[in-house]
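A.B. asks: Next up is a structure, given as structure tokens.
Computed from the coordinates by the stated procedures, all read-outs in this text should not be read as laboratory data. Predicted model only: the values in this text are computed from it and were never measured. Please note: Cβ atoms are built from the backbone with ideal geometry, for glycine as well, and neighbour counts cover all protein chains shown.
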Amino acid sequence: MKVVLLAGGYGTRISEESQYKPKPMIEIGGWPILWHIMKEYSYYGHNEFIICAGYKQHIIKEWFSNYFIRSSDVTFDYTGNNENVSFHNSCCEPWKVTIVDTGLNTMTGGRIKRIKKYVGNEIFLMTYGDGVCDVDINKLISFHLNHGKMATLTAVRLVQTKGVLDIAGDYTVKSFREKNISDGSSINAGYMVLNPEVFDFIKDDLCVFEKDILSELAEMGQLMSYVHEGFWQCMDNKREMDILEKLLISGNAPWKRWE
């Protein structure tokens, strides 16, 4: 399945870093958090990515244009009055990456709508470019295929300030509402599986996927939750960035399944 990554926002809550680069390109352990998320999906065999870029989108494009040279030893030989470049110990990923400029001020739903032609008429995976998780992607997909509804999101039980879910006993999402700081309910961690029919619900660039589309799907009984009891952490601010960095340095990063 193709993996859609939302990476176009301003990242204002971590402006000390995002003033220089898109938030998904902020590094933890020397690599952008976007790369960590892609490595998670690749670990489960999903290697085709569509990145919904926006703010400072050229930085994402430039980073991937240099990815092969960044991931290899390289010799530049100028002795014959020509430049000859040789690569050694290449360890580039088996990825196909499409980076789409989805607009500077486009909302999340609008960004997803704009990449419809790259997804095609097939079920796809989607998540945000600023959070890591140790959810089993293939079990999540199996759950989605078995229930037959239009959308599945990964829910985590954390006291946070994210979109809040009301989940029934059969895991049907009964309602979806925006964050409230007093909430301690299950929250939307992203890591979604979506049928292509969701594109039909998105009207324009002003559509907020969480507020408009997920709420509507919940009311229709077409939104299911895959409850994840393991690790999830977003990177909304410098404190959370430091948490992820410390986990990597200590060798205890739960999302890092790859060698």
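A.B. asks: By count of other Cβ within 10 Å, fewest leading, how are Thr75, Thr98 ordered?
C.D. replies: Numbers: Thr75 9, Thr98 15.
Fewest-to-most ranking of Thr75, Thr98: Thr75, Thr98.
A.B. asks: Within the chain, which is the longest segment that contains none of the chymotrypsin sites (Phe, Trp or Tyr not before Pro) sitting in a DSSP loop with at most 12 other Cβ atoms within 10 Å?
C.D. replies: Details: sites that count: Tyr20, Tyr78, Trp258.
Between exposed loop sites, the widest span is 79-257.
A.B. asks: Can you give the calculated 222 nm mean residue ellipticity of the chain, where each DSSP H run of n ≥ 4 adds -39,500 (n - 2.57) and the sum is split over every residue, rounded to the nearest 500 deg cm²/dmol? Intermediate values should be presented prior to the final figure.
C.D. replies: Values: 9 runs with 69 residues, N = 259.
Computed mean residue ellipticity for the chain: -7000 deg cm²/dmol.
A.B. asks: Could I ask something else about it? Longest segment of the chain with no trypsin sites (Lys or Arg not before Pro) in a DSSP loop having at most 14 other Cβ atoms within 10 Å? It would help to have the intermediate numbers written out before the result.
C.D. replies: Values: sites that count: Lys179, Lys203, Arg257.
Between exposed loop sites, the widest span is 1-178.
A.B. asks: When the chain is treated as a GNM, springs tying every alpha-carbon pair under 10 Å, which of Ala151, Ala218, Ala53 comes out with the largest mean-square fluctuation?
C.D. replies: Ala218
A.B. asks: For the chain, what relative contact order do you get, as a whole percent, if you take Cα pairs closer than 8 Å and at least 6 residues apart?
C.D. replies: It rounds to 23 percent for the chain.
A.B. asks: Another question about this same structure. Choose one of Ile202, Gln57, Cys234: the residue whose Cα lies farthest towards the positive end of the charge dipole of the chain (beta-carbon charges +1 Lys, Arg; -1 Asp, Glu; about the Cα centre).
C.D. replies: Ile202
A.B. asks: Which aspartates and glutamates have a Cα less than 18 Å from the Cα of Lys117, not counting those fewer than 8 places away in the same chain?
C.D. replies: Reachable aspartates and glutamates: Glu48, Asp101, Glu197, Asp200, Asp204, Asp205.
A.B. asks: Still on this model: Could you list, in their original order, any pairs among Lys61/Lys203; Lys23/Lys139; Lys203/Lys238; Lys113/Lys139; Lys174/Lys246 whose Cα atoms are separated by more than 32 Å? Working shown, then result.
C.D. replies: Details: Lys61/Lys203 27 Å; Lys23/Lys139 28 Å; Lys203/Lys238 34 Å; Lys113/Lys139 26 Å; Lys174/Lys246 37 Å.
Result: Lys203/Lys238; Lys174/Lys246 exceed 32 Å.
A.B. asks: Then there is this: May I ask for the angle, rounded to the nearest 10°, between helix 137-147 and the longest principal axis of the chain, with both axes built from Cα atoms and the value confined to 0 to 90°?
C.D. replies: With both axes taken from Cα atoms, the answer is about 30 degrees.
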